[in-house]
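I have placed the structure first, in the form of structure tokens, so that the comments after it can refer back to it.
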Amino acid sequence: MSLDFQTLYLIILLNSVVLCIVWSGFVGVHRNIDGAGCWLAACLLTTLGGVLFALGTTYGHVCIVAANACTVLGFCLGWTGIRRFQGEPAAWRAVALIVFAGACVLALTGDSRPVINVAIAVFQLIPMALAIASLKAYQRPSLGAIAATFGFVVAFAGQGTEVLLNVMRLAGSLSTERYYDLAAFLLVAAIFGATAWNLGFVLMAVDRLASDLTRIASFDELTGLPNRRNFMETSRTMKSDAERRGASFGVMIIDVDRFKTINDTYGHAAGDACLQHFSTVAKRIVGLSGQFLGRLAGDEFGIALVVSEPAVARALADQLARAVVASRFDWQDEIIPLSISVGVSLRPAGDVASLEDIIEEADMALYETKRHGRNGFTIASGRHSRNGAAPSAASLLPIAANEA
């Protein structure tokens, strides 16, 4: 079976134009995706390179040199886009060296078509090899990275075969007619490879967008802590895990004391800074397995706990309250004293209370702490009724403010 080169060149051109349109639309909508701009530029340059290669038969060797420089630069930008996407800096010196060396070598090859083909293929192989290496080092394996790697491997194999066949032509072991019979299939490999790696890049970018949306939906933008939805979902999982293990499950509800006064006195920027400060202090303390910290709303935070001994919950609440008081919160050269009120509800293994009941009980214990002067914690006994009736004073263990 023979393939028509003119038809293949037309397919390459149309394919490149479509990829340029796709990436132009993507970059126009999602400019925040690092690397996407490089992938768009890569498509534009390889398209230009294809046009110049087609013109090379008419306008001579200079046009072929320019065409290969555009194509090699396009492949280098594909590699650069991968690096940028992974958070690595662009290696512009290496890119410039590869493109310049390729142009110089091709300019000195003379009129031997096999030699020209070898020079073209070798300098296209270099950025493809670098792209494969960067994709292999990608810290987050995904379908997109696999597809992009596959595309580069196919194109690399095609160009590697191109080098081998032209070396055989130079050695006299392969006729020109037989070479062109095989070269058309190598051109198909190049078309398929470029399409596959660009599809892989698109999938990588979409996966990044999906991850960003998940993060936005699950984490609080101001503090970086899990938001209420995330906290509730994780708490349910922890509660189920505690039931399987026969451990106690509990929830702490935390309020920053007199937060409204901070907002009214120093402004909402100070209030935001206050919440960030508390989050930093809390994250240093709450980090063990079986402890999960989240921001519920405003100045209200929650900690879900799976513990083997009730004393662990009491110790954590006490440590957290003391750490906040001892921390230094500076706002515009003024030290603002901070403290927190904590309510704790801890249920033993086998307790049938729902997560909502436990949170409500912890919330009631929190207000008991506030009633006793703030700056401390209260542990509810867990003996209140399922309908949320307030626990009696005898079932609470309030901690005085000067003890926290």
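The values are calculated or read from the model by the stated rules, or taken from the named source; none is laboratory data. Keep in mind it's a predicted model, so treat the numbers as computed, not measured. Cβ sites come from the backbone with ideal geometry, for glycine too, and all protein chains shown count toward neighbours.
Is there a residue in region 104-125 that is crowded, with 16+ Cβ neighbours inside 10 Å, of a type in the set (Lys, Arg) and in the same structural domain as Leu182 (by TED's automatic domain parsing)? Checked region 104-125: no residue is crowded, with 16+ Cβ neighbours inside 10 Å, of a type in the set (Lys, Arg) and in the same structural domain as Leu182 (by TED's automatic domain parsing). Per the listing Val22, Val72, Val62, Val51, the residue uniquely modelled with pLDDT of 90 or more, part of a helix (DSSP H, G or I) and surrounded by fewer than 19 Cβ atoms within 10 Å (Cβ to Cβ) is Val22. A single entry from Met168, Met128 fulfils the requirement of being in a helix (DSSP H, G or I), over 24 Å from Tyr9 (Cα atoms) and either assigned by TED's automatic domain parsing to the domain that holds Leu13 or among the hydroxyl-bearing types (Ser, Thr, Tyr) (or both): Met168.
Could you say whether any residue in region 346-354 is at pLDDT 95 or above and not in a loop (DSSP other than H, G, I, E, B)? I'd like the intermediate steps shown before the answer.
Filtering region 346-354 down to residues at pLDDT 95 or above leaves none.
No, because not a single residue in region 346-354 is at pLDDT 95 or above and not in a loop (DSSP other than H, G, I, E, B).
Looking at Arg229, Arg208, just one residue is within 28 Å of Val307 (Cα to Cα) and either surrounded by fewer than 18 Cβ atoms within 10 Å (Cβ to Cβ) or under 13 Å from the mean Cα position of the chain (by Cα) (or both), and that residue is Arg229. Report whether or not Ile33 is of a type in the set (A, V, I, L, M), surrounded by 19 or more Cβ atoms within 10 Å (Cβ to Cβ) and under 23 Å from Val17 (Cα atoms). Answer is yes for this residue. On the given criteria, is Asn263 within 29 Å of Ser354 (Cβ to Cβ) and not small (Gly, Ala, Ser)? For Asn263, the condition - within 29 Å of Ser354 (Cβ to Cβ) and not small (Gly, Ala, Ser) - is not met.
A quick yes/no check of all residues on (1) farther than 24 Å from Leu203 by Cβ; (2) among the β-branched types (Val, Ile, Thr); (3) not assigned by TED's automatic domain parsing to the domain that holds Leu203:
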| residue | (1), (2), (3) |
| --- | --- |
| Cys20 | no, no, no |
| Val27 | no, yes, no |
| Arg31 | no, no, no |
| Gly35 | no, no, no |
| Trp39 | no, no, no |
| Val51 | yes, yes, no |
| Ala67 | yes, no, no |
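Taking the conditions exactly as written (at pLDDT 90 or above, touching a Gly at 6+ places or on another chain (Cβ under 6 Å) and in the same structural domain as Trp39 (by TED's automatic domain parsing)), does Leu203 satisfy them or not?
Details: at pLDDT 90 or above: yes; touching a Gly at 6+ places or on another chain (Cβ under 6 Å): yes; in the same structural domain as Trp39 (by TED's automatic domain parsing): yes.
Considered against the rule, which asks whether it is at pLDDT 90 or above, touching a Gly at 6+ places or on another chain (Cβ under 6 Å) and in the same structural domain as Trp39 (by TED's automatic domain parsing), Leu203 comes out as yes.
Here is a yes/no grid of residues against (1) more than 30 Å from Val306 (Cβ to Cβ); (2) of a type in the set (A, V, I, L, M); (3) in contact with a Phe, Trp or Tyr (Cβ under 7 Å, 6 or more places away or on another chain):
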residue	(1), (2), (3)
Gln124	yes, no, yes
Phe150	yes, no, no
Ala183	yes, yes, no
Ala196	yes, yes, yes
Leu203	yes, yes, no
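Val251 falls short on exactly one of the conditions (1) over 24 Å from Asp363 (Cβ atoms); (2) outside any helix (DSSP H, G or I), and that condition is (1).
Let's see how each residue does on (1) under 29 Å from Leu40 (Cβ atoms); (2) free of Cβ contacts under 8 Å to residues at least 24 places away in the same chain; (3) of a type in the set (Gly, Ala, Ser):
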residue	(1), (2), (3)
Thr176	no, yes, no
Leu182	no, yes, no
Ala196	yes, no, yes
Ala217	yes, yes, yes
Phe249	no, no, no
Ile254	no, no, no
Ala273	no, no, yes
Arg284	no, no, no
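Going by what's in this entry, would Leu135 be described as in the same structural domain as Asn117 (by TED's automatic domain parsing), part of a helix (DSSP H, G or I), modelled with pLDDT under 95 and not small (Gly, Ala, Ser)? So Leu135 fits the description; yes. Quick one: is Thr149 surrounded by 13 or more Cβ atoms within 10 Å (Cβ to Cβ) and touching a Lys or Arg at 6+ places or on another chain (Cβ under 8 Å)? Criteria met by Thr149.
If you go through region 374-404 and keep only what is part of a loop (DSSP other than H, G, I, E, B) and at pLDDT 90 or above, you end up with Arg374, Asn375.
Against the definition (closer than 19 Å to Leu338 by Cβ and assigned to a strand (DSSP E or B)), how does Gly302 come out, yes or no?
yes
Filtering region 28-77 to residues that are without any contact (Cβ under 8 Å) to a residue 24 or more places away in the chain and under 18 Å from Trp197 (Cα atoms) leaves only Leu40. The single condition among (1) in a strand (DSSP E or B); (2) closer than 23 Å to Gly298 by Cβ that Phe231 does not satisfy is (1). No other residue among Val99, Val95, Val51 is β-branched (Val, Ile, Thr) and in contact with a Ser or Thr (Cβ under 8 Å, 6 or more places away or on another chain) apart from Val95. Here Ala194 meets each of (1) closer than 20 Å to Leu8 by Cα; (2) outside any helix (DSSP H, G or I); (3) aliphatic (A, V, I, L, M) with one exception, condition (2). Within region 251-280, being out of contact with any Gly (no Cβ under 8 Å at 6 or more places or on another chain) and more than 30 Å from Leu213 (Cα to Cα) holds for Asp257, Arg258, Lys260, Thr261, Asp264, Thr265, Tyr266, Gly267.
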